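A.B. asks: Got a structure for you, written out below as structure tokens; questions coming shortly.
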């Protein structure tokens, strides 16, 4: 990508070359510019019509990205592929967003005042990425999101109790679904779905209890659960994802119950990470059955007391990190710990933030 096509500009930049296609605006505060009326001056010039992408690499102050800012970019730059309106201070996204027929990525994350999305957003059939995470005032999603037929990545914050009517369960090409701070959400959706390509599910800070349709997520390979309460019914437990490669559990009082759900799963795990779980009292005895494990992280789980003998059989294990895990940390000390001989074969071992063994393999 030639230099003539990329530009770092400011909110008060007067003009840009007609060869510029991608603009980065590092301005974070209105104090850094003078006479800013909500729209960068260069947008008033014909040369801005050729822009393909605009993004803000840093968090911006309130008042930088206004509704006027959004409306002007949408109306002036018809060929945008990427539009970054994160940290925006507007309540509604202009309905004219549907005119950006070539838009591939739309970032509205952390727009704290955003209350609704226009139904016309569902007309963006080229859209691959939609990030509305951290939009704490967003009341609900449009009901025809299934029309976003190209969508691969979707990150959501919403006040809804259920996503059943949004149509996201019919996004056949979706690979990643993230849910953050959806405090009212209790049901993702019910019944059959077509998320046959969903590989990664990331759920953070959802009070719940949240019911997840694990039985429908047949392609799920990565599950990240952080500070969430799940509704673990007998049906949920029996339909827990069987082919996970990556499991991350963070700040969960249900950690022991979640791990029991995996006991009968296929032995496919490659990465196993538990963070900040005082209720974790033992490493699962079934963990050594996952012979493809390459990484184990046990961080701030103070009630772990020993390492299972079966860990020595994990010959594919390349990295083991144990941090502030009480008795377990002591038992895994280099050469002197009672469990050192169980883990000594692992090329990279970090113990309480110290690399006690770190070799390339």
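The values are calculated or read from the model by the stated rules, or taken from the named source; none is laboratory data. This is a predicted model, so every value here is computed, not measured. Here the Cβ positions follow ideal geometry from the backbone for every residue, glycine too, while neighbour counts run over all protein chains shown.
A.B. asks: Given the options 265, 271, 227, name the one that is touching a strand residue (DSSP E or B) at 6+ places or on another chain (Cβ under 8 Å) and buried (at least 17 other Cβ atoms within 10 Å of the Cβ).
C.D. replies: 271
A.B. asks: Now a separate question. Only one of these conditions is not met by residue 355: (1) surrounded by 14 or more Cβ atoms within 10 Å (Cβ to Cβ); (2) touching a strand residue (DSSP E or B) at 6+ places or on another chain (Cβ under 8 Å). Which number is it?
C.D. replies: (1)
A.B. asks: Let me ask something additional. Looking at this structure, is residue 234 more than 25 Å from the chain's Cα centre (by Cα), within 23 Å of residue 188 (Cβ to Cβ) and without any contact (Cβ under 8 Å) to a residue 60 or more places away in the chain?
C.D. replies: Yes, satisfied.
A.B. asks: Would you check which residues across the stretch 201-213 are more than 17 Å from residue 132 (Cβ to Cβ) and either surrounded by 19 or more Cβ atoms within 10 Å (Cβ to Cβ) or touching a strand residue (DSSP E or B) at 6+ places or on another chain (Cβ under 7 Å) (or both) and list them?
C.D. replies: Within the stretch 201-213, 208, 209, 210, 211, 212 qualify.
A.B. asks: For the stretch 32-55, give me the residue count where each residue is within 32 Å of the chain's Cα centre (by Cα) and without any contact (Cβ under 8 Å) to a residue 24 or more places away in the chain.
C.D. replies: Qualifying residue count, the stretch 32-55: 1.
A.B. asks: Can you confirm whether residue 174 is at pLDDT 95 or above and assigned to a strand (DSSP E or B)?
C.D. replies: no
A.B. asks: Please indicate, with yes or no, whether at least one residue in the stretch 186-194 is in the same structural domain as residue 89 (by TED's automatic domain parsing), part of a strand (DSSP E or B), crowded, with 18+ Cβ neighbours inside 10 Å and free of Cβ contacts under 8 Å to residues at least 60 places away in the same chain.
C.D. replies: no
A.B. asks: Scan the stretch 109-133 for residues that are in contact with a helix residue (DSSP H, G or I) (Cβ under 9 Å, 6 or more places away or on another chain) and part of a loop (DSSP other than H, G, I, E, B) and jot them down.
C.D. replies: The answer is 117, 118, 124, 125, 127.
A.B. asks: So is residue 53 surrounded by 13 or more Cβ atoms within 10 Å (Cβ to Cβ) and more than 20 Å from residue 127 (Cα to Cα) or not?
C.D. replies: Against the criterion (surrounded by 13 or more Cβ atoms within 10 Å (Cβ to Cβ) and more than 20 Å from residue 127 (Cα to Cα)), residue 53 does not qualify.
A.B. asks: Report the residue count in the stretch 58-72 for those that are surrounded by fewer than 17 Cβ atoms within 10 Å (Cβ to Cβ) and either modelled with pLDDT of 90 or more or assigned to a helix (DSSP H, G or I) (or both).
C.D. replies: Residues in the stretch 58-72 being surrounded by fewer than 17 Cβ atoms within 10 Å (Cβ to Cβ) and either modelled with pLDDT of 90 or more or assigned to a helix (DSSP H, G or I) (or both): 1 in total.
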